[in-house]
Amino acid sequence: MLNHINISWCDSVTERGIEKLAHGCTKLRTFIAKGRSFIDNECVVHLANYCPNLEAVNFNGAVALTDESIQKLAQSCTTLRYLCLSGCVNLTDTSLLTLAQHCTRLSTFEAASCSQFTDNGFQALARNCHYLEKMDLEDCVLITDTTLSHLAVGCPRLEQLTLSHCELITDDGIRQLGMAPCAAEHLTILELDNCPLITDASLEHLVSCHNLQRIELYDCQVITRAGIRRLRNHLPNIRVHAYFAPMTPPPPVGGSRQRYCRCCIIL
């Protein structure tokens with residue numbers, strides 16, 4: 001009996017094939033379909049109707065999906081633990097509210113570029129899905145510090161959090177995360193690339209995250225080298241990925257040409 005299938009980037013698979021798969025493999029637990037833009041509501045409804053034991057589902061890049069199909073999936077597949085909806089740009093908070101109601105065992109949720117998700121949806125998810133460990137919210141451009149405050153309270157097991165390009169996040173949201181139950185024990189990876197409102201104060205709020213192994217700070221333009229040094233004084237083993245735009249290099253002496261630029265610093 002087939003339990004796991006991965007049809008990522010399989011260009012010859014069609015909606016008809018998904019229908020036949022769902023009807024014939026009712027014990028399916030894992031369905032991975034990255035980069036399959038043909039995945040539509042009908043495909044998801046077939047899976048929801050005939051594969052109620054699904055635990056891991058990846059619909060990355062399924063741009064045709066709407067809330068209707070995710071609602072059906074959540075209502076039928078209540079044992080979901082891993083769900084990737086990254087790139088499903090038409091989804092709204094309606095999907096998050098239904099997932100929060102029915103899929104309380106979720107541990108990994110990926111929603112990169114789901115730009116219609118808001119604080120309201122993540123509030124519901126955090127209130128009910130207390131087993132969340134990994135969340136990718138890159139380019140969820142409408143979320144604010146309110147989402148972080150709810151995750152801080154409701155998700156004590158959170159280990160990895162991606163907030164890249166969430167441009168409304170501020171130091172106060174990171175402060176709440178740094179004070180959360182997950183901070184001292186579990187948080188290991190925090191990605192804050194292109195969060196322009198983040199300052200050195202955020203790094204101060206993270207000094208109590210003793211298990212933090214990596215932080216991404218590319219294009220956080222008001223983060224300074226001094227702030228990173230202070231963070232490393234408290235967390236000497238942390239990997240900090242940051243980029244500081246080059247200063248104007250000094251003119252060459254004696255007409256000699258530099259063979260490489262020493263102005264760019266990646267920490």
Could you go through the range 22-29 and let me know if any residue there is assigned to a loop (DSSP other than H, G, I, E, B) and open to solvent by less than 20 Å² (accessible area, probe 1.4 Å).
yes
Surrounded by fewer than 18 Cβ atoms within 10 Å (Cβ to Cβ), farther than 17 Å from I174 by Cβ and at pLDDT 95 or above, is that true of R214?
no
Of the residues L73, L65, L21, only one is in contact with a Cys (Cβ under 6 Å, 6 or more places away or on another chain) and hydrophobic (A, V, I, L, M, F, W, C); which?
L65
For the structure I just gave you, tell me whether N53 is open to solvent by 50 Å² or more (accessible area, probe 1.4 Å), in contact with a strand residue (DSSP E or B) (Cβ under 6 Å, 6 or more places away or on another chain), within 28 Å of H130 (Cβ to Cβ) and modelled with pLDDT of 95 or more.
no
When you look at H205, is it closer than 19 Å to D119 by Cα and open to solvent by 10 Å² or more (accessible area, probe 1.4 Å), yes or no?
no
Which of the residues spanning the range 132-177 are within 14 Å of G121 (Cβ to Cβ) and β-branched (V, I, T)?
V141, I143, T144, T146, T147
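Quick one: in the range 93-131, which of the residues that are among the acidic types (D, E) and assigned to a helix (DSSP H, G or I) is farthest from T79 (Cα to Cα)?
Out of the qualifying residues, it is D119.
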Subset tally (residues that are closer than 18 Å to V240 by Cα, in contact with a Cys (Cβ under 6 Å, 6 or more places away or on another chain) and either outside any helix (DSSP H, G or I) or of a type outside the set (A, V, I, L, M) (or both)) for the range 164-191
1
Reported set for the range 134-146 where residues are under 17 Å from Q176 (Cα atoms), open to solvent by 20 Å² or more (accessible area, probe 1.4 Å), part of a loop (DSSP other than H, G, I, E, B) and not polar (S, T, N, Q) is none
Check off (1) among the polar types (S, T, N, Q); (2) open to solvent by 20 Å² or more (accessible area, probe 1.4 Å); (3) closer than 19 Å to I18 by Cα; (4) assigned to a helix (DSSP H, G or I) for S69 and give me the number that stays unchecked.
(2)
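The values are calculated or read from the model by the stated rules, or taken from the named source; none is laboratory data. Quick caveat: nothing in here was measured; it's all calculated off a predicted structure. Heads up, the Cβs are rebuilt from the backbone with ideal geometry, glycines too, and the neighbour counts pull from every protein chain shown. What goes into the accessible areas is simple: the full protein's heavy atoms, side chains included, and nothing from ligands, DNA or RNA. Shrake-Rupley method; radii C 1.70, N 1.55, O 1.52, S 1.80 Å.
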